[in-house]
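The values are calculated or read from the model by the stated rules, or taken from the named source; none is laboratory data. Keep in mind it's a predicted model, so treat the numbers as computed, not measured. Positions of Cβ are backbone-derived with ideal geometry, glycine not excepted, and every protein chain shown enters the neighbour counts. Ligands, DNA and RNA are stripped out before the accessible areas are found, and what is left, the full protein with its side chains, is counted by its heavy atoms. Shrake-Rupley method; radii C 1.70, N 1.55, O 1.52, S 1.80 Å.
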Amino acid sequence: MTPLMQQYQAIKNKYPQEILFFRLGDFYEMFYDDAKTASRVLGITLTSRFKDEKTVPMAGVPYHSATTYINRLLKTGFRVAICEQTEPADAGKELVDRSVIRVITPGTVLEDNILNSRAPNFLCALTVGDTIGLSWIDLSTGEFKAQEFPNNINRLIDELRRINPAECLVPEYLADQKPEILTALKNGLSATFTSANDWTFEYTNAYKTLLEHFHTSNLAGFGCEGLKSGIASAGAIMQYLHHTQPSHNLQPGTTKLEIMHGALKYITKLERYTADNRLYLDRTTQVSLELLNTISSQRYSTTNMEETGYGSLFWVLDKTQSGMGARLLRDWLLSPLTDISRIKQRQQGVGVFVQDMTRRKDLQKELKNCVDIERVTAKIGSGRANPRDMLALRKTLQRIPLIKSRLVLQDKTYDIIKDIFTRLDPLEPLQKIIATALVDDPPLEITEGGFIRDGYNPELDKLRSMCREGMDFIARFQAEEIKRTGINSLKVGYNQVFGYYIEITNVHQTKIPANYTRKQTLKNAERYITPELKDYETQVLHARERSQKMEYEIFLKVRQGAEKYIVQLQNIASAIAQLDCLLSLAQVAAENNYCAPVVDDSLVIKIIEGRHPVLERILEEKFIPNDILLDNEQQRIIILTGPNMAGKSTYIRQVALIVLMAQMGGFVPAREAVIGVVDRIFTRVGASDELTRGASTFMVEMNETANILNNATTRSLIILDEIGRGTSTFDGVSIAWAVTEYIHDRLGSRTLFATHYHELTELSLILPAVKNYHIAVREWGEKIIFTRKIVSGGTDKSYGIHVARLAGLPQDTVKRARQILNQLEKQGFDLQGKPLLDGGAHKLKANELNQLALFSTLPHPVAEALKGLDVNALTPLQALEKLAEIKKLLDKESN
């Protein structure tokens, strides 16, 4: 093996699971199996380094477009190790040093053109024991959180669904000893699962790792000192980052001295996450309510690198002007509040900007021109920020005084506005550092130079002067040589191979001076050099090289100076993101005529003229608003009946969405609303089979229903859209009946139950807090008109055949269905519930059979005979005669 291939193999041995991007000049090269894989996945040419029996498969991509190829590899499930040259190629050595500066995985992506600017990109780690530890970090911003909770795999899956990580670290023992848990976790998530050594999750080791990173003696300052499994998972994340982010993202040709420790210094804190003050949304509810994506577009597969789907609640609410604001709004949406004081603070902030459109528009205009401070700060802390990032940061800081002036209120200052105002610091010292050192329009590539201001560094100015003088010399030299030789076509050029040269066409060969040395022959010309020209070339190129190197060193110092302001910059970013969210919610409220809900600690949900926030934006027809009242005493459970397509599902979903929006701190689509704080929203909506998980429609329904009955409280809101449709009618009705009784008698939860089981309307007769409502329908001959209005009382018609006709079933099928329905209604059912299409001796009407199946058994002849007896009036003989008659009845029945 050549020295170069020996170097490659030594590095590759340390990263056997990654595709190694090995820097050679302007290309990242891949060899052996990596080359074959890259060729197949990326569609690039597979070539070879040698042409004999030592042939080595090779494939490469240009370094300046590498991120495009890296992204494609990540999406295909691969990891990429970036190996850079760590010393200049002209260091006088045959083989320059190289090392892996970074491993790129789905959860550690930092490239702007791969990340979705409006969504977080989380790497999470989990450990399962007596308690579950779960931590997550967005490496592009430095957000780092940890929590732990009792061992409950369903709870873990719910949390993972909310976080939606791009990559999930799990201990090796989980795959070895508890594969069923790992399988359950993988279902429903698009994350890449990565196994890590068990020792990285060991508490003592993890605790030590965190202390070393934060340079603290304990974790009490972060509120995490009492955690055990939470600390274990957080420490595992930090260990993983130390492996994948070993140094700054080096520029080509930088030296070992520039590989500085502390590429993760912008990760300044570990926050303890608690669900105690949050409205808990399990994974079923997140999907059913279509918070981030619609069910039809992606049921369980939203990824961090895809935009939010059209038709989701987030699509309606997101009017944010910055990536910071959009990411925070997602967090607000998936983690609504239960703390009434905090809800009211947000609501007051939204209210200020709803009422003052001019103020709102002015602020949004300013925020639209702000750079993503969160991600720029992360770039500064990780050594990836370039001069353009620094200039964009400076321009954003310059806008802060104007933003603060727009936040000054004349009448009163609400706490949330005051807090944002206080945290907005223009950081004038940092602005001065950037403005003094950097030009206003730096080049794209940091290696090109030209981004440090003239006058900032005297030595740099001297080198630049030498470069300019050298170029002037070339111009003068060319003019003088033309005059001296009399060759008007003589010209001085430059290329990477020969440096500066004199080119003379062949027709002037007789005029070549004696001090010219031939260097290259062309078809119609010759190229020459002279000692004088080579001396100036050495001077100019040396000055240029030194100048570019000095600019880079100066920039590093400027960037290091900015690192001192990381905590302040993160605080500013948080304030701007919060302001952006308030403005977004205010704009949506103003444009769509929302109201400010009253949020209190009662158990009342009262909505006047409520609307569905998404459908009213999408539907071409006018949306029909509806009222609702749920309380703890008189009307806690609503049984909602009516035909399909009439709007039952829309109605019950819109109530849940209005509650959620209110507890986000926003306004809601209604004329009036009173929302007694909800601790959880449960949904049992739809009937989607999950056959890949071995669960039928009915099993999915029952699992979701069991989750509700086992976890709901008096403060919960339960949304049920059918129960028991996956089994027989009688079983389904019985289960739905029993579930409703359990919610009424045991849980006391506020509940909306949309159903086609009209028998359930009878519950209002025996359960005091159950009330019946239905969707009003107008009939016109064989046609029906959906009014979309919710009115009091139950209904005993489903209009199923009408809906089938509207859905486009063939006319012959609809006609035949109507004939069968009429015959069934006339002739009824036999004792086993089978339709008697041809008549029968023992028939019962459909409604009679249903009532009997629910509340009693069919009358038995023996029972009827016994009921008619007056035992006290019978003589012994009469009693024996009656006993003989009863026996005959029994014998007759058995035959």
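Accessible surface for the stretch 316-388, divided over its residues, is 33 Å² per residue with a 1.4 Å probe. Ratio of Rg to Rh for the stretch 1-153: 1.07 [Cα atoms; Kirkwood radius as inverse mean 1/r over pairs]. The heavy atoms of D26 offer some 100 square angstrom of accessible surface to a 1.4 angstrom probe. Counting Lys and Arg as +1 and Asp and Glu as -1 over every other residue whose Cβ lies under 12 Å from the Cβ of R360, the net charge comes to 0.
Exceeding 29 Å between C-alpha atoms, which entries from my cross-link table qualify? They are K75/K208; K404/K622; K14/K208; K462/K534; K404/K557. Table pairs above 29 Å Cα-Cα are K75/K208; K404/K622; K404/K557.
For the stretch 512-586, the calculated P(r), taken from all Cα-Cα distances in 5 Å bins from zero up to the bin holding the longest distance, is 3, 11, 9, 9, 9, 8, 7, 6, 6, 6, 5, 5, 6, 5, 3, 1, 0 percent. With the full set of protein chains in place, find how many percent of the accessible area of the stretch 1-84 is carbon and sulfur; take the probe as 1.4 Å. C and S atoms contribute 51 percent here. Based on C-alpha pairs under 8 angstrom that are at least 6 apart in sequence, the stretch 32-171 has a relative contact order of 16 percent.
Couplings 3J(HN,Hα) for the stretch 82-87, derived from phi with the Karplus relation 6.51 cos²θ - 1.76 cosθ + 1.60 (θ = phi - 60°), are 9, 10, 10, 6, 10, 7 Hz, where x marks Gly and Pro.
Amide H contacts of I452 (H built 1.01 Å from N, in plane; Pro and chain starts excluded): V439 sit under 5 Å, all sequence-distant by 5 or more or on other chains.
Per-residue Karplus couplings for the stretch 536-547, computed as 6.51 cos²θ - 1.76 cosθ + 1.60 with θ equal to phi - 60°, are listed in order as 5, 4, 4, 5, 5, 5, 5, 5, 5, 5, 5, 4 Hz, Gly and Pro entered as x.
Calculated accessible area for the stretch 16-166 comes out at 38 Å² per residue, all protein chains present (probe 1.4 Å; ligands, DNA, RNA ignored).
Distances between placed amide hydrogens fall under 5 Å for S48 paired with M58, all partners being 5 or more residues away or on another chain.
Which aspartates and glutamates does K379 reach when only Cα atoms under 15 Å apart count, and residues fewer than 8 places away in its own chain are ignored? Reachable aspartates and glutamates: E111, D112, D138, E143, D389, E563.
Take D812: with every protein chain present and a 1.4 Å probe, its accessible area is about 120 Å². Per the 1.4 Å probe, what fraction of the accessible area of the stretch 433-487, in percent, lies on carbon and sulfur atoms? Summing carbon and sulfur atoms, their accessible area is 52 percent of the total for the stretch 433-487. Partner aspartates and glutamates whose Cα lies under 18 Å from the Cα of K93, excluding those fewer than 8 positions away in the same chain, are identified as E84. Sorted largest first by accessible area at a 1.4 angstrom probe radius, with every protein chain in place, the residues I11, I433, I373 fall in the order I433, I11, I373.
Using a cut-off of 21 Å between Cα atoms, the listed pairs K365/K395; K395/K432; K368/K412; K186/K319 include K368/K412; K186/K319 as exceeding that distance.
Straight-line reach from K789: which aspartates and glutamates fall under 13 Å, measuring Cα to Cα and dropping same-chain residues less than 8 apart? Within reach: E609, D627. Let me check I've understood the local charge: for A479, count other residues with C-beta under 12 angstrom from its C-beta, Lys and Arg +1, Asp and Glu -1. What total comes out? Once positives and negatives cancel, what remains is +1.
The tail of the calculated P(r) for the stretch 319-419 beyond 19 Å holds 54 percent of all Cα-Cα pairs. In the complete set of protein chains, residue-level accessible area for H64 is approximately 140 Å², probe 1.4 angstrom. With a cut-off of 14 Å between beta carbons, the residues surrounding I504 carry a summed charge of +4, where Lys and Arg count +1 and Asp and Glu -1. Note on D535 and T510: the model spin-label points, each 7 Å out from Cα along the C-beta direction, lie 3.3 nm apart. Accessible-area rank, largest first, for R98, R725, R155: R725, R155, R98, with all protein chains present and a 1.4 angstrom probe. Heavy-atom surface analysis with a 1.4 Å probe gives the stretch 320-411 a carbon and sulfur content of 43 percent of its accessible area. Taking amide H positions as modeled 1.01 Å from N, with prolines and chain starts lacking one, the residues under 5 Å from T338 and 5 or more places away or on another chain are R278, L279. Across the stretch 746-752, computed HN-Hα scalar couplings (Karplus, 6.51 cos²θ - 1.76 cosθ + 1.60, θ = phi - 60°) run 9, 8, x, 7, 6, 9, 10 Hz from first to last residue, x flagging Gly and Pro.
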